[in-house]
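Accompanying notes for the structure given below.
The values are calculated or read from the model by the stated rules, or taken from the named source; none is laboratory data. Note that the coordinates shown come from a computational prediction; the quantities given were computed from them, not determined experimentally. Heads up, the Cβs are rebuilt from the backbone with ideal geometry, glycines too, and the neighbour counts pull from every protein chain shown. The area values use the complete protein model at the heavy-atom level, side chains included, leaving out ligands, DNA and RNA. Shrake-Rupley method; radii C 1.70, N 1.55, O 1.52, S 1.80 Å.
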Amino acid sequence: DSPFDFSLDVDAFPLANPEDDSSFRLVDAKPPPRPKFGPKWRFNQNRPQLPQRRDEEVEARKREAEKERARRDRLYNLNRSNQNQQRREAAIFKSSVDIQPEWNMLDQIPFSTFSKLSFSVPEPEDLLICGALEYYDRSFDRITPKNERRLERFKNRNFFKVTTTDDPVIRRLANEDKATVFATDTILSTLMCAPRSVYSWDIVIQRVGNKLFFDKRDGSQLDLLSVHETSQEPLPEAKDDINSAYSLSVEAAYINQNFSQQVLVRDGNNVSFDEPNPFANEGDEVASVAYRYRRWKLDNDMHLVARCEVQSVVDVNNQKSFLTLNALNEFDPKYSGVDWRQKLETQRGAVLATELKNNANKLAKWTAQAILANADLMKLGYVSRVHPRDHFNHVILGVVGYKPRDFAAQINLNTANMWGIVKSIVDLCMKLNEGKYVLVKDPSKPQVRIYEVPADAFENDYVEEPLPEEEQVQPPTEDAEDGEANGTSNDVEDKEIEAQN
C-alpha cells in the first residue's frame, strides 16, 4: 500500500468520527479520503485527491519569512507618526519633473546595464581655479558627543548653485573650444552614482553644434540633499512633517552649508587662486570655496570639462591639501536604530555602517565629487538635532576625515564604472540631433529615460504646472553678473522656515 493512500478503513483513523461518514459522499459514492489531521472536507472538495507531502524546508522558510514580515511591520508601525499613513513607497513614487504629453521618449536604460560598464580616463588637467579658500580648523577633529558644539548660522555668506550653461567661465571655455562636453561635479556625480539612487532626479541635456551641455533646472532636486533615501524604513508622507523626505532634504542642505563654514579658521587668512569667485558681485561676502575647472579626455576628439568644488585647505608638510566638507545629519534615532550620542565614540564603525545603508547614494555622490575635484581629504561631520522634534537647532557631535579613494574602495565605488556610465550617456547623446533633452530617473523603477523636449522647456516663460510655492526651493536671483542665476544660504534657511510654518 502506498504510504499516501488515505482511503483506508476508517478504523485506521481513531481520531475521525465514523458517524459523520454517511453525510459526505462524492458523486460515485466512494467514501471520501479523510486525512488523519486534515481540515474539514468542505475545504478540500475541489482539490486533487492525492494529498501533497509537506516539504519541511519550505515550511521552515515560510515561517522565517512570516517572522521577518511581522518584525518589519512592528518596526514600521513603531516609526509611523500617523497610523493612517500608507507605506513609504507610495510617498516617493513621484517624478522630479512633470513629463509633458508632447515630450518624445527616445530611450530607457535599466540600471542593470550600468553595472557592467567600465572606462579608464587618463589623469585630468586643471584649466583654471577660481575663488578663495579658508583654512580648516583642526580643533573640530577633537569634538566628541561629550563636548559637542552648537551649529552656527551663516546668514550673510553667499553660496552659489549655478548650472553649467549659466557659468561665465564654462561659456568662455566653450567659446575657446577647450572641450566638447561640459558639466558640473554635482551633475556628473548624479550620473556616476545613478544605480544607487531611489528618488527621482533629472538632468537637462543640450546639444549645441558639436557640443553637449549637461544642466540642472532652477530649483532642481540636485540642489538639495536626500536623507534616508536608501533606507528600508518608511518616512512620514505628509510634506509638512519635519521628518518627511522633502523637509529633511531642505534641513540637510541648510546643515551642510552652515557646517562647511563653521569648521574654518575665520581669521581673514585665505588662499586665493587664478581668478575671483565668478558668481559673486563686488563686496559680497562669499562662502569659502574654490572652483576647479578640470578637463578629462574621453577619446581622441572628445574632452569633458567640469567645474568641481573644494571647500577648504589645510597645510600638510608645508604643502596645501584641498578638503571637501560635508555633514551627515541625525534627525531621530528611532528611524536609524542607532543613537549617535551613545555610539559615536565607542562604535563609530557601526554608526557609519548604518549611514552607508540608509544614505548610500548621498555618500557615494560626495565621494565621487571629492575624487572629481582631486581633494586630498573629505571631512564628514556628524550633526544632530538638539531635540528630535526641533529641526532648527543642531549640534556637531564629531568630524572624521577620509582619503576619497580609500573611502571609495570601502563603499565599493569603482571609478572605472563611474566613468563608464558617464561615457555611455555622452556617447548616446552625441548621436542625437541638435536640441534639448531631459534624462529622468524613473520614480518607481531602477532605470533612466531620455526625452526630447521643446527648445523652450524649463525656461522661465515655459509654463508646466509649477509646484506649489511652499514646495519650491528658492529660485536663483538674477542680480549676478550677466544675469547668472545663483542661490544663497539664506534661501535654503528661509525656505525651510517657510515650509514648516
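Probe radius 1.4 Å, ligands and nucleic acids ignored: give me the carbon and sulfur share of the accessible area of region 92-453 as a rounded percent.
For region 92-453, the apolar C and S fraction of the accessible surface comes to 45 percent.
Per 5 Å bin from zero, what fraction in whole % of the C-alpha pairs of region 167-224 is there, up to the bin with the longest pair?
4, 16, 27, 24, 16, 9, 4, 1
Give or take rounding to whole Å, what are the principal axis extents of the alpha carbon atoms in region 207-272, in descending order?
Computed over the Cα atoms, the extents are 47, 45, 21 Å.
Per residue, how large is the accessible surface of region 283-373? Use a 1.4 angstrom probe and give square angstrom.
Per-residue accessible area for region 283-373 comes out at 36 Å².
Under the 0.36 nm per residue contour assumption, what length would be gained going from the current alpha-carbon distance of Ala350 and Asn156 to full extension?
Roughly 66.2 nm would be gained on extension.
What FRET efficiency do you get for Asn269 and Asn147 if R0 is 35 Å and r is their Cβ-Cβ distance, rounded to the nearest 0.05? Show your work: numbers first, answer last.
On the way: r = 26 Å, r/R0 = 0.73.
Efficiency computed from Cβ-Cβ geometry: 0.85.
For Val97, what accessible area in Å² do you get when you roll a 1.4 Å probe over the heavy atoms of the protein chains, rounding to the nearest 10?
Ignoring ligands and nucleic acids, Val97 comes out at about 10 Å².
By how many nm would the segment from Ala65 to Lys403 lengthen if fully extended, with 0.36 nm per residue of separation less the alpha-carbon distance?
Full-extension gain reported as 117.6 nm.
Give me the Å³ per residue figure for the convex hull around the C-alpha atoms of region 92-453.
So the per-residue hull volume is 144 Å³.
Longer than 21 Å from Cα to Cα, which of Lys94/Lys423; Lys116/Lys445; Lys94/Lys239; Lys94/Lys211; Lys178/Lys211; Lys161/Lys431 are they? Say none if no pair is.
Going by Cα-Cα distance, Lys94/Lys423; Lys94/Lys211; Lys161/Lys431 fall outside the 21 Å limit.
Which value does Rg/Rh take for region 141-268 over its C-alpha atoms, Rh per Kirkwood?
With Rg and the Kirkwood Rh in hand, the quotient comes to 1.04.
Given points 7 Å out from each Cα along the Cα-Cβ axis, report the Gln410 to Gln100 separation in nanometres with one decimal.
A separation of 4.6 nm, rounded to one decimal place.
Under 22 Å between alpha carbons, and skipping anything fewer than 8 positions from Lys320 in its own chain: which lysines qualify?
Lys379, Lys403
How big is the dipole moment of region 92-453 about its Cα centre under a simple scheme where the beta carbon of each Lys and Arg is +1, that of each Asp and Glu is -1, and everything else is neutral? Debye, nearest 20, please.
760 debye
On full extension of the chain, what length is gained from Glu285 through Asn175, given 0.36 nm per residue of separation minus the C-alpha to C-alpha distance?
Roughly 36.6 nm would be gained on extension.
What translational diffusion coefficient, to the nearest whole µm²/s, does region 316-391 have by Stokes-Einstein, given a Kirkwood radius computed over alpha-carbon pairs, a temperature of 37 °C and 0.692 mPa s viscosity?
The estimated diffusion coefficient comes to 236 µm²/s.
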